[in-house]
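Undergrad: Below are the structure tokens for one structure; questions will follow.
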Amino acid sequence: MTAVVDASAVRIDGVSRTFGSGSHRVQALDNVSFDARPGQFVCLLGASGCGKSTLLGILAGIDRPSSGMVDVGGRRVGLMFQDSALLPWLTAGGNVALPMKIRGVPKADRQARVAELLAMVRLAGLADKRPHELSGGMRQRVSLARTFAQEADVLCMDEPFGALDAMTRDLLHDELERIWRETGVTVLFVTHDVREAVRLGDRIVLLSSRPGRVAEIFDVGLERPRRIDSPDVAVLAATITARLREEVGRHGH
Amino acid sequence: MVTETTIEPGALRKARAVSIDEPVSTDGTDITLAGLDALDTVTEPGRPFAARVWSATWPKLGAVAIFLLLWQIVVWSDWKPSYVLPGPSEVLPELAHQIMTGDFWSALVRTMQRAFVGYALAVLIGTVVGLAVSRFVLLRTAVGSFVTALQTMPSIVWFPLAILLFKLTESAILFVVVLGAAPSIANGVISGIDYVPPLLTKVGQTMGAHGLKLYRLVVAPAALPSVVAGLKQGWAFAWRSLMAGELLVIVPGHPSIGSDLENSRQFLEATGVIASMMTIFIIGVLVDAAFNVADRRMRARRGLLPEQAR
């Protein structure tokens, strides 16, 4: 029995979520089930209205499912947003230190860990910069460091690179992959970009929209490190895109 | 010299073959990333301190000079006799003379003491009321709009009641100063909290901050700009209420800037009247400058100054 429990870091079982009531009732998620093994990189892929942000909110504990259950086995879940969501009155270092401050980590320990985490995202020495002094890609890396400062075992990322230019996004894919391998965290990565999902994911959960349901799950067997412009990635992406279009097309009538 | 490269269809096929056959390498990511970071990092152009001070000062000096000139022109036009409307050449020496007397300073100290005590109380009450109204929906529905109504009420209309309640005492003045300033401060707190971006609150919550911790670490700093605006407006109301109070409620044996002004009027000393008014104006300018420094510093830290736009 324990072996079964240990086999998944995140287990999502029949999760539904409805908002409002009566004729204003909106179902965001309908009976969503999938799981992620420890250290696995899972991409949640879907068009608008597939309830991916709702799902991450439930995983991060800021929302509850209407029915079904989420089991993270007592693991700490960190959430990273599309907008870097850095607090503008704090420095980069101050932002990274914040989750530790909330947990009550002593100041000296905080400082050492902040330096370590900023070095991990290759922003060593920029602790005193303010968010407005950094580029979009640098802000997202500070945000990533801040999520790691929660000492999370499960990293939920809500379209973290969606607003970045292509070159920065490519580089950050490399960086995220490196950090993921170094730290061994489980990643749940939401995106609407099929190639990004194939570039990064061990497994891709394709969600249909309104309500969000699991349409299909793909296990990506491609060797790492991958490149977003490599032919294997393009071939698999084309297959998944066709499937995604089919799902989206059903809403046009 | 720019190198031009023409890519032939054959070369493309070759490049594709390379990327299929050779193991993909992500070496050099760090170097490219470092380059990108260097290009993206803004260096904010700075200016020497003296230049900044001068560019902030000369327009003000110019405005003062133009004002004095206009005033002098009105005096020269003989619109009113000079014992009713004296010129700058009479008032400025009078002001300079006043500043040298101990009476002036003890009056100034009393006035500022009243202002600060009243303002501090108003900050305390306004903050508590603001927090309560923003936190509890019922309270907001019940008294939210009264706070604004109270703010628009001219503070001078409170004085008849204040004098009945407290007679001609310090308390009467304090009462009206607090009532004048607290609503603005409460409104600043309320709108500050209302306008905290929900995303930032969510960030705080996902990091495990709740209740007081969330308020202290996320909500309060996020609301600060609006709170400062409320504090600034609250000061303006406090100062107006205080001046009205000092003219109306003359506490025996307690000279103040306002009572000096009223005394000068009763003795038909127009120079004294205008000199006192100038003192009141100068204090207003200095406090406003202090608020502006705080406001500017806060905005600079958050990258909200026009010259920080990128």
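The values are calculated or read from the model by the stated rules, or taken from the named source; none is laboratory data. These numbers come from a predicted model, not from an experiment. Virtual Cβ from ideal backbone geometry, glycine too; neighbours counted across all protein chains shown.
Undergrad: Checking the structure you have, find out if any residue of segment B:113-131 is farther than 26 Å from B:Thr279 by Cα and within 14 Å of chain A (Cβ to nearest Cβ).
TA: There is no residue in segment B:113-131 that is farther than 26 Å from B:Thr279 by Cα and within 14 Å of chain A (Cβ to nearest Cβ).
Undergrad: Please work out which one of (1) in a helix (DSSP H, G or I); (2) at the interface with chain B (Cβ under 8 Å from one of its Cβ atoms) is the condition A:Arg113 fails and give its number.
TA: In the conditions (1) in a helix (DSSP H, G or I); (2) at the interface with chain B (Cβ under 8 Å from one of its Cβ atoms), A:Arg113 misses (2) alone.
Undergrad: Quickly run through segment A:191-203 and pick out the residues that are crowded, with 21+ Cβ neighbours inside 10 Å and either under 19 Å from A:Leu155 (Cα atoms) or out of contact with any helix residue (DSSP H, G or I) (no Cβ under 9 Å at 6 or more places or on another chain) (or both).
TA: Listed by number, the residues that qualify are A:Thr191, A:Glu196, A:Ala197, A:Val198, A:Arg199, A:Leu200, A:Gly201.
Undergrad: Only one of (1) surrounded by 21 or more Cβ atoms within 10 Å (Cβ to Cβ); (2) under 26 Å from the mean Cα position of the chain (by Cα) is not met by B:Met207, so which one is it?
TA: Status for B:Met207: all satisfied but (2).
Undergrad: Against the definition (farther than 21 Å from A:Pro160 by Cα and not polar (S, T, N, Q)), how does A:Val42 come out, yes or no?
TA: no
Undergrad: Run down A:Arg199, A:Arg213, A:Arg130 and say which single residue is within 30 Å of A:Gly252 (Cα to Cα) and at pLDDT 90 or above.
TA: When all the criteria are applied, what remains is A:Arg199.
Undergrad: Looking only at segment A:32-90, count every residue that is of a type in the set (Asp, Glu), buried (at least 16 other Cβ atoms within 10 Å of the Cβ) and away from chain B (no Cβ under 14 Å) and tell me the total.
TA: Selection size over segment A:32-90: 1.
Undergrad: Of the residues A:Leu123, A:Leu188, A:Leu98, which single one is crowded, with 22+ Cβ neighbours inside 10 Å, more than 10 Å from chain B (Cβ to nearest Cβ) and on the phi < 0 side of the Ramachandran plot?
TA: That would be A:Leu188, the only listed residue that is crowded, with 22+ Cβ neighbours inside 10 Å, more than 10 Å from chain B (Cβ to nearest Cβ) and on the phi < 0 side of the Ramachandran plot.
Undergrad: Checking A:Val105 against (1) surrounded by fewer than 19 Cβ atoms within 10 Å (Cβ to Cβ); (2) under 30 Å from B:Arg299 (Cβ atoms); (3) within 14 Å of chain B (Cβ to nearest Cβ): exactly one of these is not met. Which one?
TA: (2)
Undergrad: Here is a check on your reading of the model: is A:Leu206 closer than 20 Å to A:Thr147 by Cα, among the aliphatic types (A, V, I, L, M) and buried (at least 20 other Cβ atoms within 10 Å of the Cβ)?
TA: no
Undergrad: Looking only at segment B:178-219, count how many residues are within 12 Å of chain A (Cβ to nearest Cβ) and touching a helix residue (DSSP H, G or I) at 6+ places or on another chain (Cβ under 9 Å).
TA: 18
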